[in-house]
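Here is the structure we will look at, set down as structure tokens.
The values are calculated or read from the model by the stated rules, or taken from the named source; none is laboratory data. Please read all numbers here as calculations on a predicted model, not as lab measurements. Here Cβ is always computed from backbone atoms with ideal geometry, including for glycine, and neighbour counts include all displayed protein chains. Surface accessibility is based on the protein's heavy atoms, side chains included, excluding ligands, DNA and RNA. Shrake-Rupley method; radii C 1.70, N 1.55, O 1.52, S 1.80 Å.
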Amino acid sequence: MTNKADLRVVSRRLPKVDAGAIVKGAPHYTLDMVPAGALYAKVLRSPHAHARIKSIECDRAMDVPGVMLVLTHEDVPRVPFTTAGQNFPEPSPYDTVMLDNKVRLVGDRVAVVVATDELTAERGCKLLEVDYEVLPVVMDARDAIREGAPIIHDETDSQGIHDAGSNLAARVEVEVGDVEKGFSQADQVFEHTYSVHYVQHVTMEPHVCFSYLDSSNRLVIVTATQVPFHVRRIVARVNQVPISRIRVIKPRIGGGFGGKQEIILEDLCAHLTLRTGKPVVMELKRDEEFYCGRTRHPQYVTFKTGLTRDGTIIANEMRVMANTGAYGSHGLTVPSNTGSKSLPLYKSPNLRYVADVAYTNLPVAGAMRGYGAPQGYFGLESHMDEIAHSLGMDPLEFRRKNLVKQGDTDPIAAKLGEGKEGFERTIRTCGLDECIELASRAVPGSGDTPSGIPYDRKKRAVGFAVCMHGTGIPGDDMAGATIKVNEDGSFNLLIGATDLGTGSDTVLAQMAAEVLGVGLEDIIVYSSDTDSTPFDVGAYGSSTTYVSGTAVVQAAEKVRERLKEVALELMGDDAGDMGFDHGFFVSSSGRRIHVKEAALKSFYGEDKQQIAESASFMTVDCPPPFCACFVEVEIDLDTGRVRVIDIASAVDLGRAINPTLAEGQIVGSVAMGIGYALSEEMTFSDSGKMLNASLMDYKVPASVDLPDIKAFLVETDEPSGPFGVKSVGEICVDNVAPAIANAIYNATGVRLRQLPFTPERVLNALKEAGV
Amino acid sequence: MPLHERQVPDLKIKISVNDRAFDVEISAGETLLDLLRRLGFKSVKHGCDTGNCGACTVLLDGRPVASCLILAPQVDGSTILTVEGLAICGKQLHPVQEAFIETGAPQCGFCTPGMIMTAVSLLSENPDPTRDEIRHGIAGNICRCSGYVKVVDAIESAAKKLCDRDAGHDE
Ligand code: FES
Ligand code: FES
């Protein structure tokens with residue numbers, strides 16, 4: 001099936017199924033569909049990073065004409081939950097309630113005002129009088145776990161916090177072999193610490209949802225989410241209504257990147273509809289998105305590596321101190337992933353991973369493209385470069401000597417799963433050599449005196465980094481697919497999988513079309529509606545093409561078998577051994593019946609029937625994609641400004657179902673990686689308020705900040721994946737920052753261990769080094 | 001009292017949107033973005049409401065503007081084009097739209113309507129732009145998904161389409 005020459009729909013550069021609607025500006029995003037007359041709910045957000053709410057005076061707000069309802073912590077059910085949209089039971093602590101009598105970050109929920117329109121709701125919020133007892137603030141993970149630090153989660157009803165009294169949300173510790181022994185046997189030991197900062201997804205569409213009661217009094221939630229089924233379950237629990245009473249629909253959404261793997265609005269919005277019986281809409285404005293959306297965990301990452309004289313790694317230890325912000329959403333699993341995604345890249349008989357995850361009074365960290373791996377890889381790939389230079393070895397040779405290879409097993413995978421033990425993993429496919437070859441050739445470097453102008457003090461150099469990622473979460477990820485035949489040989493493909501703009505509706509339809517021998521236009525995709533599509537964990541963990549794709553392929557194969565029976569019937573005796581050739585059932589005598597003919601006959605032949613089949617798939621495997629990123633940077637020695645001149649990312653993704661969309665994932669990830677490395681940084685005042693909460697001051701890369709990013713696809717045909725796929729959605733963000741750090745070192749001899757490389761930071765480092 | 005909360009009764013303006021005439025009542029603080037969405041032109045997106053993302057870009061009397069920064073009373077008598085009105089005779093897609101589909105430029109598509117409007121305006125001013133000029137032309141339109149490569153590809157290819165089309169007309 002994976003013989004590429006034989007494929008007609010898979011492996012083709014077909015336009016996305018939603019592309020036409022997108023370019024016409026169809027009203028297909030959540031905010032475009034809000035029913036007329038919906039009430040607008042606005043949350044009053046805390047101006048303090050840490051405070052107890054002594055009282056809230058609501059009367060003046062209630063008196064505003066058009067204000068329908070004001071709710072505070074005294075008025076809503078108190079059910080601790082996690083906003084993380086993960087499998088049940090979620091591995092994140094239940095440390096959040098709908099409304100609390102304490103605020104833990106600037107932007108935390110204080111109260112909610114429901115009104116006939118936005119302006120009235122805003123006026124209501126302004127008239128609420130809140131008496132706060134302001135508490136001391138802690139902003140750094142290392143400070144948070146010190147004796148005497150203010151305790152952020154002093155409530156008694158939270159569950160699953162590792163050690164609330166020490167502000168420790170979670171802790172991870174695993175060891176393979178014996179690292180201490182490894183260090184004692186090593187000829188040399190290197191240790192470096194790196195630090196990574198706060199950044200945010202900045203989806204162009206902010207979080208938004210609306211809810212209403214349908215004619216049968218069921219609660220319908222339309223929401224920009226990556227996890228409709230988790231939303232349904234969590235909203236049901238928090239609001240104490242049965243799951244069967246809730247329907248969650250995800251329309252098209254304006255980007256996710258992990259930020260919408262969170263229940264940030266839906267719990268409260270649903271509650272307000274249940275309270276008022278009316279449609280209610282809630283959204284985050286851009287500044288709220290920064291204050292109380294989700295972020296990438298800031299971390300301190302320390303690597304300690306022991307080597308023999310010839311440069312072979314014999315012990316590798318990684319210690320992480322992560323900041324989860326005010327709540328522990330994904331607080332255990334992201335830092336777990338920091339280790340489990342990066343440590344296995346280099347073979348070593350002795351490996352140890354320790355992570356401490358602290359609460360602070362800063363924005364909440366969560367899932368973000370890469371899920372901990374970019375933090376780990378910034379450390380790992382900088383550290384490996386540093387070691388190579390210290391040993392006087394070529395950085396590529398040094399890596400090649402120690403890199404994991406096809407056929408190797410990954411001992412960390414078995415010990416470190418999704419907040420619990422994981423699964424054995426053998427690397428069956430690895431195209432990293434080819435990735436390195438392609439990406440390095442694409443970025444040859446242009447010499448170190450770019451302008452030739454003597455007073456123009458600029459330096460250029462090439463650097464690189466490699467990485468591996470995962471494909472799905474073994475033992476957790478499960479997806480369903482249903483395919484229903486129509487009379488004209490078109491097929492309804494019903495999937496719980498959640499297209500965030502990634503193109504999953506398209507690639508899943510391509511797979512179904514390929515198996516059924518029809519064109520992409522014959523597949524009608526409907527996805528992400530908890531009433532009418534099968535379950536899917538949702539879009540995260542680089543799982544959809546692999547996990548949901550396997551379910552789709554299996555469902556399509558079942559449907560094809562059923563249609564084959566119809567064809568057999570039609571052919572009568574001379575059918576013999578029936579083959580299948582691109583849409584035609586072919587008898588041994590060469591008679592051909594097309595799928596479409598069989599489809600029509602299934603409805604109107606002798607034996608009338610609706611052919612529809614479902615399949616579901618759970619993965620216990622997690623085949624890693626591999627990636628090499630080569631980058632040329634230019635550093636202005638006078639201003640400290642770093643510019644990316646040229647960059648290429650090559651990925652072994654198993655197989656590209658749609659090369660155009662796969663390239664889109666690569667280029668988009670690299671762009672995000674460049675932002676992470678150079679320009680994006682959430683900064684805070686001493687009292688914990690974000691100082692740059694706008695797109696004016698928080699610098700997402702614009703078109704002029706980026707070169708033409710080059711993407712290369714390396715296909716290794718992973719045997720466990722449908723059509724040979726692994727994954728591509730996240731991996732390419734993992735290794736951009738270290739590649740840039742290594743290039744800066746190559747250009748200047750200065751090693752930067754703290755992200756991001758803003759002009760100020762670079763200039764200071766250059767000055768310190770006397771460059 | 002802030003401007004947008006002041007009640008100004010009976011403020012009425014006339015505008016043309018996508019060749020349709022509207023005689024609408026507005027409030028003094030209403031933005032063009034909110035007005036257009038209220039009139040049903042939902043392609044115009046709230047990305048930031050501060051003029052920094054370009055998701056709300058429309059053509060106001062032929063020039064690209066961030067509609068979140070313009071107040072409705074300012075546009076009395078103006079002609080506005082949004083992406084909904086771009087298709088020729090409401091049917092045949094505009095070459096820029098076609099090119100966006102063919103090159104796979106949109107991912108989530110949230111930035112796309114604004115990006116397309118900027119591209120249309122760019123190509124009307126500079127029918128044969130270099131990639132660099134395209135990058136500068138769309139510098140105010142943030143796309144978080146694409147890394148811009150396929151967007152630039154799309155605009156390059158649209159330029160060619162438009163050029164071919166115009167050459168066809170000349171014959
Ligand atoms: S919404 Fe107008 S520029 Fe962002
Ligand atoms: S396609 Fe998603 S923001 Fe541009």
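Tell me which residues, restricted to region B:17-47, are more than 16 Å from ligand 1 (Cβ to nearest atom), more than 10 Å from chain A (Cβ to nearest Cβ) and polar (S, T, N, Q).
Hit for region B:17-47 is B:Asn18, nothing else.
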Answer yes if at least one residue in region A:672-683 is touching a Lys or Arg at 6+ places or on another chain (Cβ under 8 Å), open to solvent by less than 10 Å² (accessible area, probe 1.4 Å) and at the interface with chain B (Cβ under 8 Å from one of its Cβ atoms), and no otherwise. yes
Residues of region A:125-173 satisfying the condition of being in a strand (DSSP E or B) and hydroxyl-bearing (Ser, Thr, Tyr): A:Tyr132
Looking only at region A:99-122, count how many residues are surrounded by fewer than 21 Cβ atoms within 10 Å (Cβ to Cβ), of a type outside the set (S, T, N, Q) and either farther than 26 Å from A:Ser685 by Cβ or in the same structural domain as A:Val320 (by TED's automatic domain parsing) (or both). 3
Working only within region A:123-150, note down all residues that are over 21 Å from A:Val320 (Cα atoms), open to solvent by less than 70 Å² (accessible area, probe 1.4 Å) and among the hydrophobic types (A, V, I, L, M, F, W, C). A:Cys125, A:Leu127, A:Leu128, A:Val130, A:Leu135, A:Val137
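Inspect all residues belonging to region A:318-328 and state whether any of them is in a loop (DSSP other than H, G, I, E, B), over 12 Å from A:His207 (Cβ atoms), away from ligand 2 (no atom under 16 Å from the Cβ) and open to solvent by 10 Å² or more (accessible area, probe 1.4 Å). Even if it seems obvious, please write down each step before you answer.
Going through region A:318-328, the residues in a loop (DSSP other than H, G, I, E, B) turn out to be A:326-328.
This time we only want the ones that are over 12 Å from A:His207 (Cβ atoms), so: A:326-328.
Then drop every residue that is not away from ligand 2 (no atom under 16 Å from the Cβ), which leaves A:326-328.
Next, from what is left, pick out any that are open to solvent by 10 Å² or more (accessible area, probe 1.4 Å): A:327.
Checked region A:318-328: at least one residue is in a loop (DSSP other than H, G, I, E, B), over 12 Å from A:His207 (Cβ atoms), away from ligand 2 (no atom under 16 Å from the Cβ) and open to solvent by 10 Å² or more (accessible area, probe 1.4 Å).
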Which of the numbered conditions does A:Leu661 fail, given that it passes all the others? Conditions: (1) under 30 Å from A:Glu418 (Cβ atoms); (2) open to solvent by less than 10 Å² (accessible area, probe 1.4 Å); (3) of a type in the set (A, V, I, L, M). (2)
Failed condition for B:His136, given (1) within 16 Å of ligand 2 (Cβ to nearest atom); (2) within 7 Å of chain A (Cβ to nearest Cβ); (3) within 23 Å of A:Glu663 (Cα to Cα), with all others met? (1)
If you scan region B:48-60, which residues turn out to be among the polar types (S, T, N, Q) and more than 9 Å from chain A (Cβ to nearest Cβ)? B:Thr57
Answer with yes or no whether A:Glu262 is more than 16 Å from ligand 2 (Cβ to nearest atom) and in contact (Cβ under 8 Å) with a residue 60 or more places away in the chain. yes
One residue from A:Pro228, A:Pro251, A:Pro279 being more than 14 Å from chain B (Cβ to nearest Cβ), under 19 Å from the mean Cα position of the chain (by Cα) and in contact (Cβ under 8 Å) with a residue 60 or more places away in the chain: A:Pro228
Going by the structure shown, is A:Ile243 open to solvent by less than 10 Å² (accessible area, probe 1.4 Å) and either modelled with pLDDT of 95 or more or within 16 Å of ligand 1 (Cβ to nearest atom) (or both)? no
Could you say whether any residue in region B:149-169 is part of a loop (DSSP other than H, G, I, E, B) and not assigned by TED's automatic domain parsing to the domain that holds B:Asp61? no
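Taking helices (runs of 4 or more DSSP H) that fall entirely within region A:337-447, which contain at least 3 residues that are in contact with a Cys (Cβ under 9 Å, 6 or more places away or on another chain)? First the steps, then the outcome.
Values: elements: A:373-391, A:395-402, A:411-415, A:432-442.
So the answer is A:373-391, A:432-442.
Just one of A:Thr409, A:Thr429 is hydroxyl-bearing (Ser, Thr, Tyr) and open to solvent by 60 Å² or more (accessible area, probe 1.4 Å); which is it?
A:Thr409
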Filter result (over 14 Å from A:Ala702 (Cα atoms), without any contact (Cβ under 8 Å) to a residue 12 or more places away in the chain and open to solvent by 50 Å² or more (accessible area, probe 1.4 Å)) within region B:125-165: B:Glu125, B:Thr130, B:Lys160, B:Asp164
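Yes/no per residue for (1) at pLDDT 95 or above; (2) within 14 Å of another protein chain (Cβ to nearest Cβ); (3) touching a strand residue (DSSP E or B) at 6+ places or on another chain (Cβ under 7 Å):
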{"site": "B:Val75", "(1), (2), (3)": "yes, no, yes"}
{"site": "B:Gly114", "(1), (2), (3)": "yes, yes, yes"}
{"site": "B:Ala158", "(1), (2), (3)": "yes, yes, no"}
{"site": "B:Glu171", "(1), (2), (3)": "no, no, no"}
Per the list (1) out of contact with any Phe, Trp or Tyr (no Cβ under 9 Å at 6 or more places or on another chain); (2) closer than 25 Å to A:Pro534 by Cβ; (3) in the same structural domain as A:Pro363 (by TED's automatic domain parsing), residue check on A:Gly654 breaks on (1)
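Quick test for you: out of A:Val714, A:Val704, A:Val700, pick the one residue that is within 14 Å of chain B (Cβ to nearest Cβ), over 21 Å from the mean Cα position of the chain (by Cα) and not basic (Lys, Arg). Working first, answer last.
Values: A:Val714 fails: within 14 Å of chain B (Cβ to nearest Cβ); A:Val700 fails: over 21 Å from the mean Cα position of the chain (by Cα).
After applying the criteria, what remains is A:Val704.
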So, of the residues in region A:686-729 that are under 19 Å from A:Gly541 (Cα atoms) and part of a loop (DSSP other than H, G, I, E, B), which turns out to be nearest to ligand 2 (Cβ to nearest atom)? A:Gly729
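Can you confirm whether B:Ala99 is within 11 Å of chain A (Cβ to nearest Cβ), open to solvent by less than 50 Å² (accessible area, probe 1.4 Å), of a type in the set (A, V, I, L, M) and within 16 Å of ligand 2 (Cβ to nearest atom)? Step through it out loud before you land on a result.
Details: within 11 Å of chain A (Cβ to nearest Cβ): yes; open to solvent by less than 50 Å² (accessible area, probe 1.4 Å): yes; of a type in the set (A, V, I, L, M): yes; within 16 Å of ligand 2 (Cβ to nearest atom): yes.
The answer is yes for B:Ala99.
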Please verify whether region A:2-21 includes one or more residues that are open to solvent by 10 Å² or more (accessible area, probe 1.4 Å), at pLDDT below 95 and hydroxyl-bearing (Ser, Thr, Tyr). yes
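Can you find a residue in region A:276-298 that is under 30 Å from A:Lys181 (Cβ atoms) and open to solvent by less than 10 Å² (accessible area, probe 1.4 Å)?
First, the residues of region A:276-298 that are under 30 Å from A:Lys181 (Cβ atoms): none.
No: region A:276-298 contains no residue that is under 30 Å from A:Lys181 (Cβ atoms) and open to solvent by less than 10 Å² (accessible area, probe 1.4 Å).
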Within region A:177-196, is there a residue that is open to solvent by less than 20 Å² (accessible area, probe 1.4 Å), within 14 Å of chain B (Cβ to nearest Cβ) and either in a strand (DSSP E or B) or away from ligand 2 (no atom under 16 Å from the Cβ) (or both)? no
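Here is a yes/no grid of residues against (1) more than 13 Å from ligand 2 (Cβ to nearest atom); (2) of a type in the set (Ser, Thr, Tyr); (3) without any contact (Cβ under 8 Å) to a residue 12 or more places away in the chain:
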| position | (1), (2), (3) |
| --- | --- |
| B:Arg37 | yes, no, yes |
| B:Cys48 | no, no, no |
| B:Cys53 | no, no, no |
| B:Leu81 | yes, no, no |
| B:Leu93 | yes, no, yes |
| B:Gln107 | no, no, no |
